[in-house]
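So the structure is just underneath, and the comments pick up after that.
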Amino acid sequence: MLHASDIKKLAADAGFDLCGLTPCRPLAQNEAWFRAWLAEGRHASLGYLERNTDKRFDPQRLVAGARTAVVCAAAYKNPASEGYPDSHRAKVASYACTTDYHTTIREMLAGMLAALQREHPGLEGRAFVDTAPLAEKQLAVEAGLGWIGRQSLLVTPRFGTYVLLGELLLGDEADAYDVPFAGSRCGRCRNCIESCPTGAIVAPRVIDAGRCIACHTIEKEPAAEVDLDGWIFGCDRCQSCCPHNQKAPMQTNPAFAPAFDPLTMTPGQWLAMRQEEFRTRFGATPLTRSGLERLQENIRRNNPEEPYSR
Ligand code: SF4
Ligand code: SF4
């Protein structure tokens, strides 16, 4: 039997700001909503989302024998999370301003798992950071961390949406589980829906990925052209406008300290950059996911008329 309080202490010691536990069980209602979203073709070019839907909403299908899901969240709000002036035409989503969270969070979870396995020899466990089909936002709601906002992201009462998630699926039961987060604290607010530059939030909690700038700047190019609104990697527009983010504290964990300041970088600086400089300055950040050429292509799409100089 695992002790929930021990696991939460390990999470805090590892640097996580939030941690909740939920038993592994099918999330049937969420799966039904997701299947309806897929049937409407809202996933656009993100074909991988069509695969493993049964596993995505049932941790025990993803990992046989999983009993307990530990959902951890690290707050990452930094100056870029507060938004950009309208005139800025080289905007980067604020999660991408720091070391790639896949690396950081995986190390934090690995340390937790190793400590648990020392305490409980034979304990089976696997860590997940956004790379396997696992409905992590919905699990976070089940683990009591927050609710799904109208922009379809997890909103936590203290840190808003600016949290990075990681999960442990463990093969033993815990002595206590968290109560699922009930309801929503969005109230009458519709800021995210109204702020989206492309109308990608077609209804509360329904995103049309084919219109979403985050998808257009990073993923395989969807068929339709959209105005990137100055974004060159990701898009925070439906987050920086959220009142829960506006009152959230800046992160203080050195592991999530910004590696660069996109507010001070001009389109010309990005275009003049060479691969070696890109690797040196941004090699540890998520920007490597799209690469310098794609960033520069996005700069040109955002700034077709501008002359460039360093
Ligand atoms: S990330 Fe940007 S484009 Fe996508 S839904 Fe949010 S505001 Fe709209
Ligand atoms: S911007 Fe408003 S509606 Fe959107 S998630 Fe935040 S509180 Fe909810």
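The values are calculated or read from the model by the stated rules, or taken from the named source; none is laboratory data. Keep in mind the model is a prediction, meaning the values are calculated, not measured. Glycine gets a Cβ as well: all are built from the backbone with ideal geometry, and neighbour counts include every protein chain shown.
I'd like to know if the stretch 249-271 contains one or more residues that are among the acidic types (Asp, Glu), in contact with a Lys or Arg (Cβ under 8 Å, 6 or more places away or on another chain) and away from ligand 2 (no atom under 16 Å from the Cβ).
Checked against the condition, which is being among the acidic types (Asp, Glu), in contact with a Lys or Arg (Cβ under 8 Å, 6 or more places away or on another chain) and away from ligand 2 (no atom under 16 Å from the Cβ), the stretch 249-271 yields no hits at all.
Considering (1) over 13 Å from the mean Cα position of the chain (by Cα); (2) within 16 Å of ligand 2 (Cβ to nearest atom), say which one residue 127 fails and leave the rest.
So residue 127 meets the others, but not (2).
Among 209, 214, which is touching a Leu at 6+ places or on another chain (Cβ under 6 Å) and either more than 20 Å from residue 94 (Cβ to Cβ) or more than 9 Å from ligand 2 (Cβ to nearest atom) (or both)?
209
Within the stretch 248-255, is even one residue closer than 24 Å to residue 213 by Cβ and assigned to a helix (DSSP H, G or I)?
No.
Within the stretch 177-224, track down each residue that is more than 15 Å from ligand 1 (Cβ to nearest atom) and not hydrophobic (A, V, I, L, M, F, W, C).
177, 178, 180, 183, 184, 185, 187, 188, 220
Would you check if residue 185 is within 14 Å of ligand 2 (Cβ to nearest atom) and touching a Ser or Thr at 6+ places or on another chain (Cβ under 6 Å)?
In short, no.
Restricting to the stretch 1-30, what's the tally of residues that are of a type in the set (D, E, K, R) and touching a residue at least 40 places away in the same chain (Cβ under 8 Å)? Walk me through it before giving the result.
Pass one, the stretch 1-30, residues of a type in the set (D, E, K, R): 6, 8-9, 13, 17, 25.
This time we only want the ones that are touching a residue at least 40 places away in the same chain (Cβ under 8 Å), so: 6, 17.
Residues that pass the stated criteria total 2.
Going through the stretch 246-261 one residue at a time, which ones are surrounded by 13 or more Cβ atoms within 10 Å (Cβ to Cβ), more than 15 Å from residue 15 (Cβ to Cβ) and touching a Gly at 6+ places or on another chain (Cβ under 9 Å)?
Answer for the stretch 246-261, where residues must be surrounded by 13 or more Cβ atoms within 10 Å (Cβ to Cβ), more than 15 Å from residue 15 (Cβ to Cβ) and touching a Gly at 6+ places or on another chain (Cβ under 9 Å): 246, 248.
Please state which of the following conditions residue 151 fails to meet, knowing it meets all the rest: (1) within 16 Å of ligand 2 (Cβ to nearest atom); (2) farther than 22 Å from residue 30 by Cα; (3) touching a strand residue (DSSP E or B) at 6+ places or on another chain (Cβ under 6 Å).
Only one criterion is unmet by residue 151, namely (2).
Any idea which of 184, 195 is out of contact with any strand residue (DSSP E or B) (no Cβ under 7 Å at 6 or more places or on another chain) and either hydroxyl-bearing (Ser, Thr, Tyr) or crowded, with 17+ Cβ neighbours inside 10 Å (or both)?
The match here is 195.
For residues in the stretch 8-43 being under 19 Å from the mean Cα position of the chain (by Cα) and in a loop (DSSP other than H, G, I, E, B), which is nearest to residue 54 (Cα to Cα)?
43
Consider residue 189 carefully, then state whether it is within 20 Å of residue 155 (Cβ to Cβ), surrounded by 14 or more Cβ atoms within 10 Å (Cβ to Cβ) and in contact with a Pro (Cβ under 9 Å, 6 or more places away or on another chain).
Details: within 20 Å of residue 155 (Cβ to Cβ): yes; surrounded by 14 or more Cβ atoms within 10 Å (Cβ to Cβ): yes; in contact with a Pro (Cβ under 9 Å, 6 or more places away or on another chain): yes.
Taking the combined requirement at face value, the residue satisfies it.
If you go through the stretch 209-233 one residue at a time, how many are in a loop (DSSP other than H, G, I, E, B) and surrounded by fewer than 22 Cβ atoms within 10 Å (Cβ to Cβ)?
Count: 11.
For the stretch 262-282, give me the residue count where each residue is exposed (fewer than 14 other Cβ atoms within 10 Å of the Cβ) and not in a helix (DSSP H, G or I).
1
What's the number of the only condition in (1) at pLDDT 95 or above; (2) surrounded by fewer than 16 Cβ atoms within 10 Å (Cβ to Cβ); (3) over 23 Å from residue 218 (Cβ atoms) that residue 102 fails to meet?
(3)
How many residues, within the stretch 54-94, are farther than 22 Å from residue 257 by Cβ and either among the polar types (S, T, N, Q) or buried (at least 24 other Cβ atoms within 10 Å of the Cβ) (or both)?
8
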